[in-house]
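The values are calculated or read from the model by the stated rules, or taken from the named source; none is laboratory data. Because the structure is a prediction, the values reported are computed rather than measured. All Cβ positions, even for glycine, are placed from backbone atoms using ideal geometry, and neighbour counts span all protein chains on display. SASA here: full protein model, heavy atoms, side chains in, ligands and nucleic acids out. Shrake-Rupley method; radii C 1.70, N 1.55, O 1.52, S 1.80 Å.
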Amino acid sequence: MDYTKSIHKAKEHFGEILIEQLDRVDKMKLGEDWIDYTHLKPIIIGIVGGDGIGPYICKHAHYILEFLLKKEIQEKKIEFRVIEGLTIENRAKVMKAIPDDVLEEIKKCHVLLKGPTTTPKKGDRWPNIESANVFMRRALDLFANVRPVKVPELGIDWIFFRENTEGAYVLGSKGVNVTDDLAIDFKVITTPGAERIIRLAFDYAQKNKINKVTVVTKANVVKTTDGKFLSMAEKIAREYPDVQWDDWFIDIMTAKLIDPARRTQFRVMVLPNLYGDICTDEAAQIQGGVGTAGSANIGKRYAMFEAIHGSAPRMVDEGRAQYADPSSIIKGAAMLLNHIGYPDRFKKLEMALEICSQYERKLVITGRSDGTTGEKFAKYILDTIQDPNLERKWQSYQKVT
Ligand code: IPM
Ligand code: MG
């Protein structure tokens, strides 16, 4: 067989990818400054509903945020903008991960609260366009995906720093079918890309007096990219002599997260994109399900907060969308408050959320009509926030468990 043409085409494609990625590296090396929210008036918060159950659960989180920021909204320190149009129908119509007009509106905001968006895969009823999530993370350079998971009664207090703009994801839609028989995908790790996420994890550990960072790779097999990630960790760790660190391979790491003897020793984890995706679903499941975890996507200019679960189109098709659990996106909303400079309100919302969903459980969400609705649950959280005994109540539950 003569493959000359196919090889030539694939080489050209690879060449374009290299130009794109080297350009990205150059931009990262310029080292943009972090945005300072204290000097912004107003801070613009975009609310992006997304697909499936997204608009339902997002509405409740939006309502809670408006309640907690009432004063700032009146004083014009905070402005909310509801951004329509990030739906799979629209995206399929224009064949883009995010329609241009929607992206333009998004870029006018400082932070976003985003509902889940449907990610088409080959063979779906939707065209196989790139995930809106993955595209947004890249378009806004949201390089750190920060996902805390806590289960106090099991001694679990984890925070994952998942690299969010590189790894197996950055070229996930740019693989090549060199011939009918040969499919190739690419994985990318860059020096500045690895450095900024690893540094953020070590900084977090140091600032919060957590003496343990765990780096997760598969550097024994995926030698070039994961090898670079791991050697970057070795280099950065030397700058943080007070923070101990270790490294694990992704396979054994997934096992150790369910090993009671080992897992309580993990605290701050830093991982390339796909491993972070996998470990954070596993961790969220240990906490009570993917519906219980929030996710912060942080960049130097923008930040986006979301639920870690998907859009659950089946719930909508079966007429159960009003029973969808808003806890994960409300957790995202709490992280948003912390990020823009309201740590007290973050703490309050987090305590209320924990009391309602883990301890007191006066109302329980099951996702079906035998449980409460998302609206009633959000109201329950709001009532709990306003309880003058909130902190005492929360403390007492911490003692019991
Ligand atoms: C997540 C999700 C996304 C991801 C999907 C929806 C593209 O699983 O936020 O973890 O894989 O990153
Ligand atoms: Mg995931």
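Would you confirm, using the coordinates I've provided, whether residue 224 is surrounded by fewer than 18 Cβ atoms within 10 Å (Cβ to Cβ) and within 16 Å of ligand 1 (Cβ to nearest atom)? Judged against the criteria, residue 224 is not a match.
Of all the residues in segment 91-112, those that are part of a loop (DSSP other than H, G, I, E, B) and at negative phi number 7.
Screening residue 239 on (1) over 29 Å from residue 310 (Cα atoms); (2) open to solvent by less than 40 Å² (accessible area, probe 1.4 Å); (3) of a type in the set (Asp, Glu) shows it passes everything except condition (2). Is it the case that segment 118-132 has a residue that's among the polar types (S, T, N, Q), modelled with pLDDT of 95 or more and within 14 Å of ligand 1 (Cβ to nearest atom)? Within segment 118-132, not a single residue is among the polar types (S, T, N, Q), modelled with pLDDT of 95 or more and within 14 Å of ligand 1 (Cβ to nearest atom). On inspection, residue 115 passes the criterion of being in contact (Cβ under 8 Å) with a residue 12 or more places away in the chain, farther than 30 Å from residue 194 by Cβ, within 16 Å of ligand 2 (Cβ to nearest atom) and within 18 Å of the chain's Cα centre (by Cα). The residue of segment 281-302 that is farthest from ligand 2 (Cβ to nearest atom), among those that are closer than 24 Å to residue 187 by Cα and modelled with pLDDT under 95, is 295. Of all residue pairs spaced 6 or more apart or on separate chains, those with beta-carbon atoms under 7 Å, a first member in segment 356-377 that is over 12 Å from residue 326 (Cα atoms) and modelled with pLDDT of 90 or more and a second member that is open to solvent by less than 60 Å² (accessible area, probe 1.4 Å) and of a type in the set (D, E, K, R) are 368/320. Taken over segment 368-383, the residue count meeting the criterion of being of a type in the set (Gly, Ala, Ser) and buried (at least 17 other Cβ atoms within 10 Å of the Cβ) is 2.
None of 249, 266 is more than 23 Å from residue 338 (Cβ to Cβ) and away from ligand 1 (no atom under 14 Å from the Cβ) except 249.
Surrounded by fewer than 18 Cβ atoms within 10 Å (Cβ to Cβ), assigned to a loop (DSSP other than H, G, I, E, B) and modelled with pLDDT of 95 or more: does that describe residue 347?
When the stated conditions are applied, residue 347 does not pass them.
Filtering segment 1-48 to residues that are of a type in the set (Gly, Ala, Ser), at pLDDT 95 or above and closer than 30 Å to residue 338 by Cα leaves only 46.
Looking at segment 276-308 only, could you name the residues that are touching a residue at least 24 places away in the same chain (Cβ under 8 Å), assigned to a helix (DSSP H, G or I) and either surrounded by fewer than 21 Cβ atoms within 10 Å (Cβ to Cβ) or within 12 Å of ligand 1 (Cβ to nearest atom) (or both)? Result: 276, 277, 278, 279, 280, 281, 282, 283, 284, 286, 287, 290. Residues of segment 158-209 that are aliphatic (A, V, I, L, M) and closer than 13 Å to residue 229 by Cβ: 168, 188, 189, 194, 197, 198, 201. Per the conditions (1) among the hydroxyl-bearing types (Ser, Thr, Tyr); (2) within 16 Å of ligand 2 (Cβ to nearest atom); (3) out of contact with any helix residue (DSSP H, G or I) (no Cβ under 7 Å at 6 or more places or on another chain), the sole criterion not satisfied by residue 173 is (2). Return yes or no: is residue 178 more than 16 Å from ligand 2 (Cβ to nearest atom) and under 24 Å from residue 249 (Cβ atoms)? In short, no. Given the structure, is residue 174 open to solvent by 60 Å² or more (accessible area, probe 1.4 Å), touching an Asp or Glu at 6+ places or on another chain (Cβ under 9 Å) and assigned to a strand (DSSP E or B)? So residue 174 fails the test. Within the set 168, 144, the sole residue that is open to solvent by less than 10 Å² (accessible area, probe 1.4 Å) and of a type in the set (A, V, I, L, M) turns out to be 144.
Would you check which residues across segment 303-317 are among the small types (Gly, Ala, Ser) and either near ligand 2 (Cβ under 10 Å from one of its atoms) or at positive phi (or both) and list them? Once the filter is applied, which keeps residues that are among the small types (Gly, Ala, Ser) and either near ligand 2 (Cβ under 10 Å from one of its atoms) or at positive phi (or both), segment 303-317 yields 310, 312.
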